[in-house]
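J.: Below you'll find the structure I mean.
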């Protein structure tokens with residue numbers, strides 16, 4: 001098809017008589033969607049940058065996919081979640097291709113941990129060291145599946161849980177991959193996926209893989225993704241945090257123990273005479289476990305400076321340094337014996353360097369640690385990724401389109417553009433086309449205690465019960481902490497007659513499936529339910545948010561950022577904490593109205609929304625909706641919805657009766 005040039009050309013593609021309307025039954029033309037499509041088309045045509053906030057219901061996916069394909073150039077589309085990535089590749093892109101009648105080639109590329117590694121599968125089968133029968137059963141299922149799969153995507157094998165430990169042994173990492181030296185390189189699923197991506201016109205990736213590509217370019221090792229005419233980053237509000245995490249350096253117990261296990265297996269095969277090497281690996285395993293024990297209880301996420309000077313920590317860190325140093329020397333000698341041992345030598349050098357960087361940190365980074373039941377991570381995170389990101393924006397000469405339903409704070413993008421180092425992009429803020437004013441209500445219950453008060457959660461539950469009853473269940477309760485969630489779940493247990501689903505009892509996907517099926521459930525969730533969850537229709541008619549989602553002041557990275565902003569003369573609350581909280585709240589609020597016909601109540605229990613000056617910043621960033629602090633108004637709202645529903649059902653029954661009567665009359669006449 002001929003590449004569109006003008007706004008009229010672009011708009012025609014999603015007009016009433018355009019190709020999408022002809023291909024999609026019930027397609028609705030929305031002015032906001034056309035505006036976004038034109039902005040994306042302009043950015044692609046002029047090789048420039050655009051930042052677009054598209055509220056719920058705008059239809060941003062088609063608004064960027066249509067010009068991406070119609071442009072005829074090579075495009076990378078990156079998303080924040082694998083769920084959206086799969087939806088784009090399996091559903092949306094084929095639909096747009098069909099509508100536009102193009103032969104555009106598309107490819108889906110995930111991170112290497114999503115693909116089976118046949119070489120490591122062979123090693124796992126020959127190794128045979130498993131803790132339980134379940135792992136053996138899973139290994140057999142993977143073995144049976146391997147010759148039948150084309151892509152090797154582990155998500156295909158639903159009979160083996162994605163969090164099963166066996167996947168760690170049969171997938172590869174950047175550390176343990178043998179690359180072109182692997183005996184299975186020619187049939188490698190990762191290599192196959194990358195080749196297809198290199199040849200495709202449109203490549204769908206996720207943000208983690210996108211940053212992996214940037215990191216590889218940074219290090220001069222080549223690139224995973226093809227050179228592109230345009231890069232479209234959906235769910236772009238996640239970029240600053242994902243970039244910070246990706247450009248962090250991590251030294252974890254899992255990395256060290258996997259290294260020890262892989263090196264032991266290689267040494268038994270190719271260096272059986274090096275008994276001292278195996279002794280040193282055993283010492284490494286013991287040191288890692290002792291270091292974890294020295295870190296106290298699980299569930300900690302704190303600055304490294306808080307514990308690094310403890311005697312037990314210092315002792316084990318010195319032991320770790322000495323062991324890794326010895327292993328560097330030994331593996332340098334052993335590396336000549338096999339490609340596997342050469343890879344282990346490279347891995348131990350990286351781990352030794354990360355340990356050195358932790359002990360002698362770089363400027364502009366914060367060091368912190370996290371503990372789990374039997375493991376730990378030691379992390380060094382850059383406080384500012386704007387320079388890194390800006391450098392890549394400037395070096396990759398193409399169009400950049402960044403979009404999300406939540407990017408602006410108080411109608412401005414300054415907070416976001418500052419964090420990613422983007423200068424003077426085209427900006428477009430598109431409100432949701434949904435009728436929030438008539439279909440939704442914001443309820444702020446009166447007389448709520450301050451969030452830090454010990455009585456806050458009991459007061460929240462007491463205020464929520466009549467609202468849940470008025471909504472007849474059908475409620476999401478979103479919390480900013482597990483502590484508040486669990487306390488509320490215990491208090492609600494005997495107070496309502498509706499099914500209660502609590503995060504942690506099953507997977508997120510399973511909980512959402514149950515919630516939809518039940519139709520009158522109350523779901524309690526934390527951060528993972530604030531975004532990316534789409535429940536349309538009557539089964540979700542109320543969203544209750546416990547408090548304004550300010551990040552925990554105890555988070556080590558946040559603490560360091562606040563200190564850095566303050567030392568440079570800035571205002572950490574206004575420049576960072578408040579904007580982050582506004583974007584998070586917008587995500588939570590976005591769960592309520594997902595369709596033209598959705599109706600419901602948003603209940604925000606934090607009194608600071610009304611009592612603090614910054615409350616107006618939150619309110620200005622939300623959709624325009626009627627507000628109340630009266631419970632009876634909420635009950636009346638649901639009562640009106642119920643009566644309207646009954647009326648609709650009555651009218652539908654009358655229509656059915658009329659239709660049936662007419663058909664009967666026709667039969668009688670015949």
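J.: Is there a residue in the range 92-107 that is part of a loop (DSSP other than H, G, I, E, B) and either in contact with a strand residue (DSSP E or B) (Cβ under 7 Å, 6 or more places away or on another chain) or within 24 Å of residue 190 (Cβ to Cβ) (or both)?
T.: Let us first name the residues in the range 92-107 that are part of a loop (DSSP other than H, G, I, E, B), namely 101-105.
Now restrict to residues that are either in contact with a strand residue (DSSP E or B) (Cβ under 7 Å, 6 or more places away or on another chain) or within 24 Å of residue 190 (Cβ to Cβ) (or both): 104-105.
Checking the range 92-107: at least one residue is part of a loop (DSSP other than H, G, I, E, B) and either in contact with a strand residue (DSSP E or B) (Cβ under 7 Å, 6 or more places away or on another chain) or within 24 Å of residue 190 (Cβ to Cβ) (or both).
J.: Is the range 508-523 home to any residue that is within 27 Å of residue 79 (Cβ to Cβ) and not in a helix (DSSP H, G or I)?
T.: yes
J.: Let me spell it out: the conditions are (1) surrounded by 21 or more Cβ atoms within 10 Å (Cβ to Cβ); (2) outside the structural domain of residue 65 (by TED's automatic domain parsing), and residue 377 meets all of them except one. Which number is the exception?
T.: Unmet condition: (1).
J.: Of all residues being touching a helix residue (DSSP H, G or I) at 6+ places or on another chain (Cβ under 7 Å) and farther than 21 Å from residue 491 by Cα in the range 511-531, which is modelled with the highest pLDDT? Just the residue, please.
T.: 530
J.: Regarding the range 47-60, can at least one residue be identified that is touching a residue at least 12 places away in the same chain (Cβ under 8 Å), farther than 30 Å from residue 585 by Cα and either outside any loop (DSSP other than H, G, I, E, B) or more than 27 Å from the chain's Cα centre (by Cα) (or both)?
T.: Checked against the condition, which is being touching a residue at least 12 places away in the same chain (Cβ under 8 Å), farther than 30 Å from residue 585 by Cα and either outside any loop (DSSP other than H, G, I, E, B) or more than 27 Å from the chain's Cα centre (by Cα) (or both), the range 47-60 yields at least one hit.
J.: Are any residues in the range 333-347 within 14 Å of residue 270 (Cα to Cα) and in a helix (DSSP H, G or I), and if so, which ones? Walk me through it before giving the result.
T.: Filtering the range 333-347 for residues within 14 Å of residue 270 (Cα to Cα) gives 333-345.
The answer is 333, 334, 335, 336, 337, 339, 340, 341, 342, 343, 344, 345.
J.: If we scan the range 113-124, do we find a residue that is part of a loop (DSSP other than H, G, I, E, B) and in contact with a helix residue (DSSP H, G or I) (Cβ under 7 Å, 6 or more places away or on another chain)? Let's see the steps before the verdict.
T.: As a first pass, look at the range 113-124 and keep what is part of a loop (DSSP other than H, G, I, E, B): 116-117.
Filter once more, keeping what is in contact with a helix residue (DSSP H, G or I) (Cβ under 7 Å, 6 or more places away or on another chain): 116-117.
Yes - at least one qualifying residue is present in the range 113-124.
J.: Right, another one. Given (1) touching a helix residue (DSSP H, G or I) at 6+ places or on another chain (Cβ under 7 Å); (2) within 30 Å of residue 586 (Cβ to Cβ); (3) not in a helix (DSSP H, G or I), identify the lone condition not met by residue 384.
T.: Unmet for residue 384, out of (1) touching a helix residue (DSSP H, G or I) at 6+ places or on another chain (Cβ under 7 Å); (2) within 30 Å of residue 586 (Cβ to Cβ); (3) not in a helix (DSSP H, G or I): (1).
J.: Further, regarding this structure: Starting from residues that are assigned to a loop (DSSP other than H, G, I, E, B) and touching a strand residue (DSSP E or B) at 6+ places or on another chain (Cβ under 8 Å), keep the ones in the range 126-171 and report whichever is nearest to residue 347 (Cα to Cα). Walk me through it before giving the result.
T.: Initial filter on the range 126-171 (assigned to a loop (DSSP other than H, G, I, E, B)): 128-132, 146-152, 157-165, 171.
After this cut, where a residue has to be touching a strand residue (DSSP E or B) at 6+ places or on another chain (Cβ under 8 Å) as well, the list is 151-152, 171.
Working: 151: 28, 152: 25, 171: 17 Å.
That would be 171.
J.: Across the range 602-622, what is the number of residues that are assigned to a helix (DSSP H, G or I) and either surrounded by 16 or more Cβ atoms within 10 Å (Cβ to Cβ) or free of Cβ contacts under 8 Å to residues at least 24 places away in the same chain (or both)?
T.: First, pick out the residues of the range 602-622 that are assigned to a helix (DSSP H, G or I): 608-611, 615-621.
Restricting the remaining residues to those that are either surrounded by 16 or more Cβ atoms within 10 Å (Cβ to Cβ) or free of Cβ contacts under 8 Å to residues at least 24 places away in the same chain (or both) gives 608-609, 611, 615-619, 621.
The total comes to 9.
Residues are listed down the side, and each one gets a yes or a no for (1) surrounded by 16 or more Cβ atoms within 10 Å (Cβ to Cβ); (2) under 29 Å from residue 338 (Cβ atoms):
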{"residue": "133", "(1), (2)": "no, no"}
{"residue": "136", "(1), (2)": "no, yes"}
{"residue": "172", "(1), (2)": "yes, yes"}
{"residue": "192", "(1), (2)": "no, yes"}
{"residue": "197", "(1), (2)": "yes, no"}
{"residue": "208", "(1), (2)": "yes, no"}
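J.: Still on this structure, I have one more. Please enumerate the residues belonging to the range 410-429 that are out of contact with any strand residue (DSSP E or B) (no Cβ under 9 Å at 6 or more places or on another chain) and under 15 Å from residue 240 (Cα atoms).
T.: 414, 418, 419, 421
J.: Looking for whichever is farther than 25 Å from residue 410 by Cα and either in the same structural domain as residue 367 (by TED's automatic domain parsing) or touching a helix residue (DSSP H, G or I) at 6+ places or on another chain (Cβ under 8 Å) (or both) here; the options are 553, 572, 466, 549. Which one fits?
T.: Details: 553 fails: farther than 25 Å from residue 410 by Cα; 572 fails: farther than 25 Å from residue 410 by Cα; 549 fails: farther than 25 Å from residue 410 by Cα.
Sole residue among the options that is farther than 25 Å from residue 410 by Cα and either in the same structural domain as residue 367 (by TED's automatic domain parsing) or touching a helix residue (DSSP H, G or I) at 6+ places or on another chain (Cβ under 8 Å) (or both): 466.
J.: Another one. Could you tell me how many of the residues in the range 12-34 are part of a helix (DSSP H, G or I), within 31 Å of the chain's Cα centre (by Cα) and crowded, with 19+ Cβ neighbours inside 10 Å?
T.: 5
So that you can scan it fast, the table gives a plain yes or no per residue for (1) surrounded by fewer than 21 Cβ atoms within 10 Å (Cβ to Cβ); (2) part of a helix (DSSP H, G or I); (3) under 24 Å from the mean Cα position of the chain (by Cα):
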residue	(1), (2), (3)
538	yes, no, no
547	no, no, yes
554	yes, no, yes
558	yes, yes, yes
563	yes, yes, no
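J.: Now for a different question. From 491, 524, 501, grab the single residue that is in contact with a strand residue (DSSP E or B) (Cβ under 6 Å, 6 or more places away or on another chain), touching a residue at least 24 places away in the same chain (Cβ under 8 Å) and surrounded by 14 or more Cβ atoms within 10 Å (Cβ to Cβ).
T.: Numbers: 491 fails: in contact with a strand residue (DSSP E or B) (Cβ under 6 Å, 6 or more places away or on another chain); 501 fails: touching a residue at least 24 places away in the same chain (Cβ under 8 Å).
After ruling out the rest, the residue left standing is 524.
J.: Hey, another quick one. Would you say residue 362 is under 30 Å from residue 296 (Cα atoms), in a loop (DSSP other than H, G, I, E, B) and over 24 Å from the mean Cα position of the chain (by Cα)?
T.: Numbers: under 30 Å from residue 296 (Cα atoms): yes; in a loop (DSSP other than H, G, I, E, B): yes; over 24 Å from the mean Cα position of the chain (by Cα): yes.
Taking the combined requirement at face value, the residue satisfies it.
J.: Moving to a separate point now. Considering (1) more than 15 Å from residue 235 (Cβ to Cβ); (2) surrounded by 18 or more Cβ atoms within 10 Å (Cβ to Cβ), say which one residue 80 fails and leave the rest.
T.: Going through the list (1) more than 15 Å from residue 235 (Cβ to Cβ); (2) surrounded by 18 or more Cβ atoms within 10 Å (Cβ to Cβ), residue 80 breaks only (1).
J.: Select the strands (runs of 3 or more DSSP E) contained entirely in the range 397-470, then report the ones holding at least 2 residues which are within 25 Å of the chain's Cα centre (by Cα).
T.: By residue number, 399-404, 426-430.
J.: Quick one: in the range 348-374, which of the residues that are surrounded by fewer than 17 Cβ atoms within 10 Å (Cβ to Cβ) and touching a helix residue (DSSP H, G or I) at 6+ places or on another chain (Cβ under 7 Å) is modelled with the highest pLDDT?
T.: From the range 348-374, those surrounded by fewer than 17 Cβ atoms within 10 Å (Cβ to Cβ) are 349-350, 353, 356-357, 359-364, 372-374; that's our starting set.
Filter once more, so that each one left must be touching a helix residue (DSSP H, G or I) at 6+ places or on another chain (Cβ under 7 Å): 349, 374.
Values: 349: 96, 374: 91.
If we take residues in the range 348-374 being surrounded by fewer than 17 Cβ atoms within 10 Å (Cβ to Cβ) and touching a helix residue (DSSP H, G or I) at 6+ places or on another chain (Cβ under 7 Å), then 349 is modelled with the highest pLDDT.
J.: Kindly indicate whether any position in the range 567-579 is farther than 25 Å from residue 85 by Cβ, at pLDDT below 90 and surrounded by fewer than 15 Cβ atoms within 10 Å (Cβ to Cβ).
T.: The answer is yes, given that some residue of the range 567-579 is farther than 25 Å from residue 85 by Cβ, at pLDDT below 90 and surrounded by fewer than 15 Cβ atoms within 10 Å (Cβ to Cβ).
The values are calculated or read from the model by the stated rules, or taken from the named source; none is laboratory data. Keep in mind that this is a model prediction, so the values were computed, not measured. As a convention, Cβ positions derive from the backbone with ideal geometry for all residues, glycine included, and neighbour counts pool all protein chains shown.
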